[in-house]
Amino acid sequence: LSSPVWSGCASERLRSRPGRLIIRDSKFWLPLLAMYQGARLEELSDLYRRDIIQDGDIWAIDIKQFEEDGHIRRLKTSNSPRIIAIHPKLIELGFLKYVAKIAPGPKSPIFPDIAPQGADGKRGPRFTRWFVNYRKLIGIYKPSVAAHSFRHTAETRLRNNLSNEGTLGFQQERHLNYMLGHSPGTGEGALRYD
């Protein structure tokens, strides 16, 4: 995150070169959202203004399946629909201000700079290709590390913070699975890290 997209780039066209310009768009926000929220890239790249909700003084992302106006959002599992509180760091960095500015109406996409593609209209694959190329340009590319790795980073951090003497209790595992959209007992983290 110390690379030009987050620290300052030369221009929109030269985002891999250092400069003074910070452009807060999908390239800036999606890795941060994935890292702090632990959601899947496709869930995040397809957010609309109506998916950013407030309950009292808590802001959250409402990840749900829907079909409307020819657009279909399908989620990976039946456990995937969930509401995730927005991390305070994202609010501090201006995510809510960005959403208010870029997506004024409930049906406005939060990342209009990513054009939907294919029969299913997904935005994630386009971002994934950009992220691979960006990492190559700044010299940190590894084939086994991808944008989805941020989700695993978030899971590891949550798991470490919830754990009590290195193990998670049943209730803590349930909370972790719910926050990340894993089916109970079959979460990727449970399989990879236990």
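Data table
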quantity	calculated
Restricting the stretch 35-55 to residues that are at pLDDT below 90 and either among the aliphatic types (A, V, I, L, M) or in a loop (DSSP other than H, G, I, E, B) (or both), the residue that is nearest to residue 111 (Cα to Cα)	46
Exclusive hit being in a loop (DSSP other than H, G, I, E, B), in contact with a helix residue (DSSP H, G or I) (Cβ under 8 Å, 6 or more places away or on another chain) and touching a residue at least 12 places away in the same chain (Cβ under 8 Å), set 107, 89	107
Close pairs from the stretch 10-32: first at pLDDT 90 or above, partner among the hydroxyl-bearing types (Ser, Thr, Tyr) and open to solvent by 60 Å² or more (accessible area, probe 1.4 Å), Cβ under 9 Å, at least 6 apart	18/7; 22/7
Residues of the stretch 56-71 that turn out to be assigned to a strand (DSSP E or B) and either at pLDDT 90 or above or open to solvent by less than 60 Å² (accessible area, probe 1.4 Å) (or both), as a count	8
Residues being out of contact with any Gly (no Cβ under 6 Å at 6 or more places or on another chain) and within 19 Å of residue 112 (Cβ to Cβ) - total across the stretch 1-33	15
Some residue of the stretch 72-84 being under 16 Å from the mean Cα position of the chain (by Cα), buried (at least 17 other Cβ atoms within 10 Å of the Cβ) and modelled with pLDDT of 90 or more	no
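The values are calculated or read from the model by the stated rules, or taken from the named source; none is laboratory data. Computed from a prediction, not measured in an experiment: that's the story for all the values here. Don't worry about glycine lacking a Cβ; one is built from the backbone with ideal geometry, like all the others, and counts go over all protein chains shown. Keep in mind that these areas ignore ligands, DNA and RNA; they rest on the heavy atoms of the full protein, side chains included. Shrake-Rupley method; radii C 1.70, N 1.55, O 1.52, S 1.80 Å.
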